[in-house]
Amino acid sequence: MPSDQLYKDYARLPLPKLKKVSGYSVNGLTKKEAIERLESFGKNEIKKGKKGWHQILVRQFKSSFTYLLIVAGLLAFFLKEYIDSVMIFIFISINAVLGFVQEYKSEKAAELLKKYVSVRARVRRDGHESIIDAEEIVPGDIVIVEAGDIIPADIRFIRENNLTLDESPLTGESVPIKKSEKAVLSKNLEIHEASNIGFSGTRVVEGRGEGFVFATGKDTSIGEIAKLTEETVRVSSFEKGLDKFSRFVLYMVLITLSLVFSANLIVKGDKIEFFELVLFSIALAVSVIPEAFPVVTSVSLSQGALKLAKEKVVVRRLSAIEDLGGIEILCTDKTGTLTENKLTVSRLNSGDKDKCLKYAAIATSFLNEKQKEPNNAFDIALWEKLDEKDRKVISAIDRIAEIPFTPDRRRNSVAVRIGKEIEIVVRGAPEVIMPLCKNLTKRMADKYQNWSESEGIGGKRVLAVACRPFKKAAGNYTEKDENGLVFLGLISFIDPIKETTRYAVREAKKLGIKVKILTGDGREVAGAVGILIGLAKDDGQVITGAELESLSFEEQLKAIEEKSIFARVSPRQKYDIIKLLQQKHSVGFLGEGINDAPALQLADVSIVVESASDIAREASDIILLDQSLNVIISGIKQGRGIYSNTVKYIKATLTSNFGNFYAIAAATMVIDFLPMLPLQILLVNLLSDFPMIAIATDNVDEGELSSPKSYDIKSIVLVATLLGLISTTFDFIFFGMFFRISPEVLHTNWFLGSILTELILLFSVRTKLPFFKARRPSGLLLWLTLTVITITVAIPFTSVGQDTFGFVRPTAYYLSLIFIVVLTYFATTEAVKLLYYKYVGNRHRQVVA
């Protein structure tokens, strides 16, 4: 990305060359230059092309299924079936509102990035320091930053004094980074190595610095994140499945109706009642369209959201629950997600552990700055390890002088008065401190070094502590006095693994989900975390972002499948990894920082913890309020249950609707009257919809929760077609039994048979097991089914059924025949279903897998 190349170019320049190349002046720009550059480069802000609410609303109706429902609603209205028409348009409205709310909220995501750009900034212009609006900063400005400031643009430091930045929002690195004005010599410079660059949106933890602005607005690192977040348009797995299903139904209806209509015109010729055939065809089309599909999914999703809400999980996009059930790979950030994002003292290796700990705390820089609380991750960990009494004693110690930590020195030291004596306390990297100590033999040094390396392999950071008496005057204290030290020991620090992490990883594996870590932390730390949580056996599962980028496209595809841990990845690299994985898999991403926003926006399901940044929360689908990863497992099971119930509806409606559709359409070719009147067809459709909607509340077999789920339309259509042929066969049986008696008898009995077979079919397709071995149906499903059966049988006996719908009173003999055929149909469907899943269904799943 552009900001990548910019920071690399400026980071490598020594100060003399930087001045020559950029032409900057320590006195800053003149007022005239600043105005000209503001006109040329524009304001230092993250611009976002806003979309009006009406544009977002209109986009909710642009799908094949919505077009299908709109046509069905208009046709029902044309046939004066106002209740059916109103219901269809209510379904459309529910779907559109849900989509509108989600997309409208996501439009705010990039806008929130503005919070991470400083509102005011201190600059030097015409040789004078002044505070201006940060959006007026331009390339070439000299910016001055101090502890607590947010870096207002991407800057190259030209001066610094003990400057430390918190870059975790951008890189994911949990430890504050020391900055320097010296050039970085690394050839393959990564963002975490840019020790002389201040990135826009990061925060100054301590110290002071001056920097030359080389990028503003959209050209900054955070501007690139905003661009990625804004440009990423996610189409959820749920939406993809819905679109495939609706297109299939649309094509089948149009093709079949065209054939039926044409065939009737050819076969019957002048005998045909053209207007009657048109009305019949319209009613038949409406009957086969599964208009209850949005309600079935909405009820299922709402139920799932309520269950998750009880576990303190906020679902921001309802369809994400079903998408969650379909994820095959869960990518997660490390810091704050798998770990606590808080360093704690892990172990001490010292002959005098108490003294080692106290002297490490004495050297904390915040005491010299007279702050009340430590603001450095190591200092916070040390301070929390001490009791209140020791804190008061250490705070009261007279600090005489200090030499701060720098990336080159890799240590800091302080001269303090303890009692009547002055001592120098030095702490830093073990390999730097130990050679300065006089009381370490080679054997002892090797032993300590091995311990340090062992802790490092375990993902811990190690600090060495040493001291010595100081006899000179405080003003003569220099780096040369940091030798002849007395080694006190080593302290290791760890960012603890969250208690729920290991369990979540184990459960994910049981559910057939691969977990991958994407982090800005280094190889050793990321690898150690992966090993601790049971994700990897060794560091062979680790690859860095730079190593991945150096591979060819084919090698990258192979690497993302084989590797489980991706270390030192930038926001762009996280985004690219998700994109690569999505070529073959449905991907969920769990993150929390600003740097995670583009990946969250791209992932099929985006999840954040409660402590996530505002931009991450806005880009998310699901928020874990209690930060327990266990609830993700619960959410996955909920999603799979919802998928299972939705597929039950699809199979049932395709089987029964298309079975009746083909039988009734074919019957028109055989007889000279309509096999079922348009109003009767629509009544079948209306009555059968209620139990169909109740399928959303059904209980799900445990076997349905064991693997990732996605809409395999071919498989669904295959089983529905097979069962549909059974349905068509039994429809012809009803036709053959009654068509010779009278049109009214055929209409009545076929109406009864159509609804009863459709209702009983639900209890077969709701499980892949024999119906008596499956989990008990939900109470609502049973109650509504019995209610509709009662209404269906009763209607032909009422005056409304006879006068309005043209039914005749069925005889007891006809009713007996109908019930026998219905039960035979159920037994046949059960047998065919069990044979299919035994010999065809399992083999199909293996091929897909």
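Read the figures in this text as sums done on the coordinates, not as results from a lab. These numbers come from a predicted model, not from an experiment. Positions of Cβ are generated from backbone atoms using ideal geometry, with glycine treated the same way; all protein chains shown enter the neighbour counts.
Full extension of the chain segment joining I70 with H128 gains 14.2 nm, where the gain is 0.36 nm per residue of separation less the Cα-Cα distance. Evaluating kT/(6 pi eta Rh) at 10 °C and 1.306 mPa s, with the Kirkwood radius of the range 713-849 over Cα pairs in the Stokes-Einstein relation, gives 96 µm² s⁻¹. Kirkwood hydrodynamic radius of the range 345-493, from the reciprocal of the average inverse Cα-Cα distance over all distinct pairs: 15.5 Å. Of the residues F366, I400, L463, the one whose Cα sits farthest towards the positive end of the charge dipole of the range 345-493 is I400 (charges of +1 on Lys and Arg Cβ, -1 on Asp and Glu Cβ, taken about the Cα centre).
Summarising the label geometry, the points placed 7 Å from Cα in the beta-carbon direction at E431 and K17 lie 2.5 nm from one another.
Fully extending the segment from T790 to T478 would add 102.7 nm, taking 0.36 nm per residue of separation and subtracting the current Cα-Cα distance. For the range 345-493, a simple Cβ point-charge model (Lys and Arg +1, Asp and Glu -1, everything else neutral) yields a dipole of about 320 debye relative to the Cα centre.
Subtracting the Cα-Cα distance of K312 and K355 from their residue separation scaled by 0.36 nm leaves 11.0 nm. Among the GluC sites (Glu not before Pro) in the range 483-585, those located in a DSSP loop and surrounded by at most 15 other Cβ atoms within 10 Å of their own Cβ are E499. Pairs K31/K218; K334/K838; K353/K480; K43/K179; K442/K574; K307/K537: which exceed 32 Å Cα-Cα? Checking Cα-Cα distances, K334/K838; K442/K574; K307/K537 exceed 32 Å. Pairs from the list K509/K579; K312/K584; K514/K584; K8/K558 with a Cα-Cα gap above 20 Å: K509/K579; K312/K584; K8/K558. In terms of other Cβ atoms within 10 Å, W783, W383, W750, W451 run from fewest to most in the order W783, W451, W383, W750.
In terms of distances greater than 32 angstrom between alpha carbons, the cross-link table entries K17/K460; K460/K563; K182/K392; K19/K472 yield K17/K460; K182/K392; K19/K472. Once you reduce the range 716-755 and the range 129-160 to the center of their Cα atoms, the two points are 78 Å from each other. In this simple spin-label approximation, K389 and F248 carry label points 7 Å from Cα along the Cα→Cβ vector, and these lie 7.4 nm apart. Within straight-line reach of K714, meaning a Cα separation under 16 Å, sit the following aspartates and glutamates at least 8 residues removed in sequence or on another chain: D243. Using r as the Cβ-Cβ distance of T344 and D538, and R0 as 35 Å, what FRET efficiency do you calculate, to the nearest 0.05? Efficiency for this residue pair is about 0.85.
Centroid-to-centroid, using Cα positions, the range 677-692 and the range 493-523 are 50 Å apart. With a simple spin-label model that places each label point 7 Å from the Cα along the Cα-to-Cβ direction, the separation between A559 and T441 comes to 4.7 nm. Please list, by residue number, everything in the range 743-766 whose backbone N is under 20 Å from a paramagnetic label point 7 Å out along Cα→Cβ of L679. Label zone hits: 743-755.
Highest mean packing first, where packing is the average number of other Cβ atoms within 10 Å per residue, the peptides 210-222, 692-704 line up as 210-222, 692-704.
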